[in-house]
Structure formats: structure tokens, C-alpha cells
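The values are calculated or read from the model by the stated rules, or taken from the named source; none is laboratory data. Given the structure is predicted, the values throughout are model-derived calculations rather than measurements. Please note: Cβ atoms are built from the backbone with ideal geometry, for glycine as well, and neighbour counts cover all protein chains shown.
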Amino acid sequence: MNAQRTITTQTWAELFLLGFIWGGSFLAIRLALNEVPFVTSVAHRVFWAALILWGYVALRGLPIPRDPKVWGALFIMGLLNNVIPFSLMAWGQLHIPTGLTSVFNAGTAIFGVVLAALILADERLTPRKALGSLIGFFGVATAIGLESVRNFDITSLAQLAVIGGTISYAFASVWARVTLSGLTPQVAAAGMLTGASLVMVPAALLIDGAPSFNLSLTTFGAIGYYVVFATAGAYLLYYRILAAAGSANTMIVTLLIPPVSIVLGALVLNENLSPNVYAGLALLALGLAILDGRLFKR
């Protein structure tokens, strides 16, 4: 991991804000899915967020890449970081609680460390990283639960779909390290969402037909939330925190998301998670703490 940096009070506040925003996104997505098919839901998310970010890029006057190879890399990034995980997780949320989805999502950092060690020459899997990753994997397995393994059904498949989404996120982080290091983060985010839109908009039209805008205010609000705040705005805030605090500190946000999602799911959707989910989250938190390393140095 990168060298540790001190987190200021302002950055802590921004970390908690980002955790709350992304934690709320799971509820917003689930509410939208009551009226909008999941493919169309993802198309809304990437298309409108891309427009917002390109508007931001234009206002800031940020340089836009012209090399076709860069656009090809952005297209693949859109597949890995948006199309695959957004689609798998949205479908998974039709069959499992929002809180459980967010717990699995916390495993992204665990998978990212392992994949980076396997693919990138400068990311060695040290004993500490190996131990943290192993405990994190046990956390994911614990959250899945033995019953899902014994009685494989649509719920089990949904859990695997969400985990597949987190693995795709991990591949995306490695791909970005290899191919997109020269781009400004805002342009990279706008570019990858554009690549994702080129896939999801035609897919939504083909699979679901023309989108309906005869929706309830709740659905409009949910779509607006996960487009404006949880995608476009969250990317801008994420990269601001990343620049100020470094990647190791920014990883803390993965632990802030599940509590928000679990509480909102319980309050709004009356979700009740089994004890093994909380045990899995505790193991994931321990694994991430070991990966971070500072707690044990103290």
C-alpha cells in the first residue's frame, strides 16, 4: 500500500459523508427496482452521471484525451467498474437484503489486495497482507452462511452475483493502475461512465424496451439520489479524499458503508439480517484493519 498520511478533521468528515452517501445508495437502488428493471436502472445510473461529470469537466476546463488507446482503456474500465458490478449487484438486490449486499461490497478491498499482488510487480503479498486477506475471505464466507451452501437457491446465486461484482471492482482498481495513471481522476470517471453507457443504454433498450418515466416520486427520488449523489458526486468526493488522505486511509470508507446500509434497510425495508452476517462483517473489519496495519503498530 501507499505510505500512510495523517487524516485531518475535514477529511474525516468527508470520509463519513462518503460512507453515508454510498451506504444510502443500496437502499436507493432497491427502492428504484420496485418500478424499474435492473438493466434500465443501471443505464440511468451511468448515463446521467456521465453527463453530470462531463459538465464538471467542461466547467473546469480539464484536458480531454485524444488517444484512441486511452478511450479503449476507459471503455474496459467502464465494463469492470460499472457495467459488471452495477448490474450484478442490482440483480442481486432483488433477492437478498440491502444490508447484506453492502457487507459483501466491503470485501472489495480484500479482493483488490490479492489481485494486485498477483498481477502488479510492485504489490507484494506480505505476511500481514496475506493474513488480513485470509481473515477477510473468512468474513465473506461467514456472511454467506452454511445454509446458503447446503440449500443452493436463487438467494445463494444472488449472493454469488454480488461477490462477483466486488471481484470486478478489484480488477478495475488494478486496470486503472496499469492503464489510466496519466489521466485526471474526474476525466477518468467521466470517460469510464461514458464507456459503460455505450453498453448499458443499448442493453436496456434491447432487454427492457424504452424507459418509462411514469414513475412514483419515490422512484424518481431514488434514481436522482444514486445518479447525482452516489455516483457523480461520490466520485468527485472520493478522488478529493484520495488526494488528501492516500489510498490506505481512503480504504476506511469500506467499513463505514455497511452500518449505514444495514440501519437504513432495517428502518425503511424492515430487513432483519442473521447473526452470521454481523459476524462476517466483524471478520471483514478485522481483515481490513490488519491490511491497514496502523492499529497493530500502535
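Things to note:
- Against the test of being within 27 Å of VAL46 (Cα to Cα) and of a type in the set (Ser, Thr, Tyr), the options THR194, THR126 yield a single qualifying residue, THR194.
- Some residue of the range 237-248 being touching a helix residue (DSSP H, G or I) at 6+ places or on another chain (Cβ under 8 Å), of a type outside the set (Phe, Trp, Tyr), at pLDDT 90 or above and farther than 16 Å from PHE16 by Cβ: no
- Any chance VAL263 is farther than 20 Å from LEU17 by Cβ and modelled with pLDDT of 85 or more: no
- Residues satisfying the stated conditions in the range 102-122, i.e. aliphatic (A, V, I, L, M) and either surrounded by fewer than 19 Cβ atoms within 10 Å (Cβ to Cβ) or part of a helix (DSSP H, G or I) (or both): VAL103, ALA109, ILE110, VAL113, VAL114, LEU115, ALA116, ALA117, LEU118, ILE119, LEU120, ALA121
- Residue check for VAL57: closer than 21 Å to ALA234 by Cα, in a helix (DSSP H, G or I) and either within 17 Å of the chain's Cα centre (by Cα) or acidic (Asp, Glu) (or both): no
- Options VAL149, VAL140, VAL178, VAL253: the member that is at pLDDT below 95, exposed (fewer than 15 other Cβ atoms within 10 Å of the Cβ), touching a Leu at 6+ places or on another chain (Cβ under 8 Å) and of a type in the set (A, V, I, L, M): VAL178
- Any chance ALA232 is buried (at least 18 other Cβ atoms within 10 Å of the Cβ), at pLDDT 95 or above, among the aliphatic types (A, V, I, L, M) and part of a helix (DSSP H, G or I): yes
- Screening TYR239, TYR169, TYR225, TYR235 for residues that are of a type outside the set (Gly, Ala, Ser) and free of Cβ contacts under 8 Å to residues at least 60 places away in the same chain leaves exactly one candidate, TYR239.
- Members of the range 35-83 found to be free of Cβ contacts under 8 Å to residues at least 40 places away in the same chain, within 27 Å of LEU115 (Cβ to Cβ) and of a type in the set (Lys, Arg), listed by number: LYS69
- Of all residues in the range 10-24, those being charged (D, E, K, R) and either within 15 Å of the chain's Cα centre (by Cα) or surrounded by 23 or more Cβ atoms within 10 Å (Cβ to Cβ) (or both) number 0.
- Filtered by the rule that a residue be crowded, with 22+ Cβ neighbours inside 10 Å and assigned to a helix (DSSP H, G or I), the range 25-43 gives SER25, PHE26, LEU27, ALA28, ILE29, ARG30, ALA32, PHE38, THR40, SER41, VAL42, ALA43.
- Considering (1) surrounded by fewer than 19 Cβ atoms within 10 Å (Cβ to Cβ); (2) outside any helix (DSSP H, G or I), the lone condition that THR155 does not fulfil carries the number (2).
- Only residues that are part of a helix (DSSP H, G or I), touching a residue at least 24 places away in the same chain (Cβ under 8 Å) and either more than 21 Å from the chain's Cα centre (by Cα) or within 14 Å of ALA130 (Cα to Cα) (or both) were counted in the range 272-282, giving 2.
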